[in-house]
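Novice: Pasting a structure below so you can have a look.
Any read-out appearing in this document is the output of simple, stated calculations on the displayed coordinates, not a laboratory observation. These figures come from a predicted structure and were not determined experimentally. Because the Cβ atoms are built from the backbone with ideal geometry, glycine has one as well, and the counts that use them run over all protein chains shown.
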Amino acid sequence: MRKNNPAVRVLVTALMLLGGIAFILPFLWMVSASFKPEIDVFRYPIEWIPKHWNAYRNYRDVWFGDYPFALYYWNTIKVTAWTTLVSAAVSSMAAYGFSHVDFRGRNALFVLVLATFMVPSASILVPQFLIFRWLHLFDTHLGLVLVGSFSALGTFMLRQFFLGLHPDCLDAARMDGAGHARIFARIAVPLVRPAIATYAILRFIWTWNDYANPLIFLRSDHLATIQLGIQKFASESGVFYSLIMAGTVSAVLPLIAIFVVGQKQVIEGIALGGVKG
Amino acid sequence: MDKRTDKKAGKRRRTRKENWAGYVFVGPMLIGLTVLTVIPTIITLMLSFTDWSFIAGIDRIRFVGFENYSKLFGDRVFRISLQNNLAMLLVVPVQMGIALVLAVIIDRVVYGKSLFKVLFFMPYISSIVAVAIVFQLLFHPSYGPVNRFLAAVGVKKPPLWLADVHYALPSVMIIMAWIGIGFCLIVYLAALQSIPGDLYESAEIDGARAWTRFARITLPLVSPTTFFLLVTGFISSFKSFDIIKVLTEGRPAYATSVITYQLYTTAFEDLKTGYASSIAWFLLGCVLLITLVQLYGQRKWVNY
């Protein structure tokens, strides 16, 4: 294919870069505001690079001030890590079962799993809430982990990869007398590890960002996750916008970090889910 | 015992073992989904035919037939919320169009593809709560940077954005599009990469111009992706809740209320469990309808 003229490409790249920066201006504003003293936050024209720096005090006040921000953070790390772990484990097991174990009722059960995918989470909030109160899972982190861990999406996505494994290498193991547990742990999982990693990263991002479930299933302040925390912080701390911005930057930062590190996995995971449709 | 029955018994034993192995592997997921999704779906359906508040205790449940559903269509707030949901569907094709144009430029012209992927994808991976708080400040009617800028360039009465009945919903829609563009872009880029380059080459030799190549090669070949994005976009648009809850809480005057938000307030603030359940089933019905259209349309719409 004939490549475009390099001069044109450079020009378009420059224009796109400008557009891209304009696109993330809200983020740049957020970061910049989190570094400023309060009175400079809304100064116009906008000082993108703060004239007066107040970053240290802002972040110190957010993290070690009146709000238990560090606790919210810890709660989020705990819930997110457990959800990611449980979800990856349960989804891989189910994916293996639905692809390489030939048991009775497999197709019917798989259709059932797919059908649950269509139910919007908002539609079942009330009964979930009731069941959780009944099981004493309401207002616990365990309940939140369970809600986030069982989704048909993981089963469906990982099943595609397990199906892609060559049957010969699994059969060879079976000839040698290996049972399903052994084949799963020693052969199948290591082979689809990249796919499991992709799913785990996606699940991590979704759980970290989850707002609706903590809102419904948690009540105690000391259990709140970061998303509840910053919203509470924003609506209660009134006019300290520089602090609010320091809080939102702190909440978004781990995700940006994960995204930059696991960029390839995230993008491939999203693209794969999308293109396969 | 002859050899054949011996073999058969062996096979039966293996089948039973295989069955057990299968149930052990899929068991945890199935139990979880049953308790957390299947049973709640059925309970919601049953509750939607009752007049009940969950704080009142189970013995106070009263069966009212289809009353909740008939009340739904006379409910002004519900009608407004549904209209808002339908208006918000407009976001989907708009963000897809922008994303496709960006994807084509990024795929074919620019240097440093992955930088652009990261830039445009950032809103999608950021938390909606953080995004909503930032936009609340940016679009603040009196001292937000957006209106300060408009005032500076001479706009006499800049809109109040999220606080204005007429501008609130469009403002929310702009933010939703901003969040969603990255997702569509990534998916389109993947689709573009699977189009063989020699198609364009031969089209170019035949003298096809850029626009013709786009309309005759790119568009038809990404049509499955377009269809997928449209359907999933519609579904997630119907399901969106976080952004409304954090950004506007349906204000001003229900101008940004949506079905999920009304469902939430009915269930957890007004504590009308029965009525909320009928809203929940309406929502489920909408999503189901879109999914059925997808299953049916997948074959018809997609044109190679």
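Novice: Helix-derived [θ] at 222 nm for chain B: sum -39500 (n - 2.57) over DSSP H runs of at least 4, divide by residue count, nearest 500?
Specialist: -22500 deg cm²/dmol
Novice: Next question. Averaged over its residues, how many other protein chain Cβ atoms are within 10 Å of peptide A:18-29's Cβ atoms?
Specialist: Whole-number average of other-chain Cβ neighbours for A:18-29 is 5.
Novice: Longer than 32 Å from Cα to Cα, which of B:K117/B:K156; A:K78/B:K245; A:K51/A:K232; A:K36/B:K156; A:K36/B:K245; A:K232/B:K156 are they? Say none if no pair is.
Specialist: Those over the limit are B:K117/B:K156; A:K232/B:K156.
Novice: Also, I was wondering about something else. In debye to the nearest 20, how big a dipole does region A:69-236 give about its Cα centre with +1 on each Lys and Arg Cβ and -1 on each Asp and Glu Cβ?
Specialist: For this selection, approximately 180 debye.
Novice: So what's the net charge close to A:F204: Lys and Arg +1, Asp and Glu -1, counting the other residues with Cβ under 14 Å from its Cβ?
Specialist: +1
Novice: Further question on the same structure: Shape of region B:73-301 from its Cα gyration tensor (a ≥ b ≥ c, root eigenvalues): rounded if a/c is under 1.5, otherwise prolate when a/b > b/c, or oblate?
Specialist: oblate
Novice: Next up: Counting only other chains, what is the mean number of Cβ atoms within 10 angstrom of the Cβ of each residue in peptide B:115-123? Could the numbers behind the result be given before it?
Specialist: Values: counts 4, 6, 5, 8, 8, 5, 5, 9, 4.
Taking all residues of B:115-123 together, the mean is 6.
Novice: Quick check on chain A: helices-only [θ] at 222 nm, where DSSP H runs of length 4 and up contribute -39,500 (n - 2.57) each and the sum goes over total residues. Nearest 500, please.
Specialist: My calculation for chain A gives -22000 deg cm²/dmol from helical runs alone.
Novice: While we're here: Please sort by residue number the chymotrypsin sites (Phe, Trp or Tyr not before Pro) in region A:1-75 whose DSSP state is loop and whose Cβ has at most 12 other Cβ atoms within 10 Å.
Specialist: Those that pass, being in a loop and sparsely packed, are A:W48.
Novice: Run the simple label-point estimate for B:K17 and B:I39 please: 7 Å along Cα→C-beta, distance reported in nm.
Specialist: Between B:K17 and B:I39, the simple spin-label model gives 3.4 nm.
Novice: Can I ask one more? How big is Rg to Rh over the protein assembly as shown, alpha-carbon atoms, Rh as the Kirkwood inverse-mean-distance radius?
Specialist: Here the Rg-to-Rh quotient is 0.99.
Novice: Which aspartates and glutamates, on any chain, are close to B:K17 with Cα under 20 Å apart, when same-chain ones fewer than 8 places away are left out?
Specialist: Filter leaves A:D102, A:D171, A:D176, B:D6.
Novice: Using a Förster distance of 35 angstrom, determine the FRET efficiency expected from the C-beta separation of A:L15 and B:Q298, and round it to 0.05.
Specialist: Between A:L15 and B:Q298 the formula returns 0.40.
Novice: Separate question: Over the C-alpha atoms of region A:44-178, what are the Rg and the largest Cα-to-Cα span, Dmax, in Å?
Specialist: 23.0, 74
Novice: Here is a follow-up. Rounded if a/c is under 1.5, else prolate if a/b is larger than b/c, else oblate: which is chain A, with a ≥ b ≥ c the root eigenvalues of its Cα gyration tensor? Could you put the intermediate results ahead of the total?
Specialist: Numbers: a/c = 2.63, a/b = 1.43, b/c = 1.84.
Because a/c hits 1.5 or more and a/b fails to exceed b/c, chain A counts as oblate.
Novice: Still on this structure, please answer the following. Give me, ordered by chain and number, the residues 5 or more places off B:T50 or on other chains with an amide H under 5 Å from its own placed amide H.
Specialist: The list, which skips near neighbours in sequence, is B:V64.
Novice: Using per-residue counts of other Cβ atoms within 10 Å, averaged over each peptide, order B:168-179, B:122-133 from highest down.
Specialist: B:122-133, B:168-179
Novice: Taking only Cα atoms of region A:6-54, what ratio of Rg to Rh do you get with Rh as the Kirkwood inverse-distance radius?
Specialist: 1.20
Novice: A follow-up question, please. Please compute the average number of Cβ atoms from other chains found within 10 Å of each residue's Cβ in peptide A:92-98.
Specialist: 5
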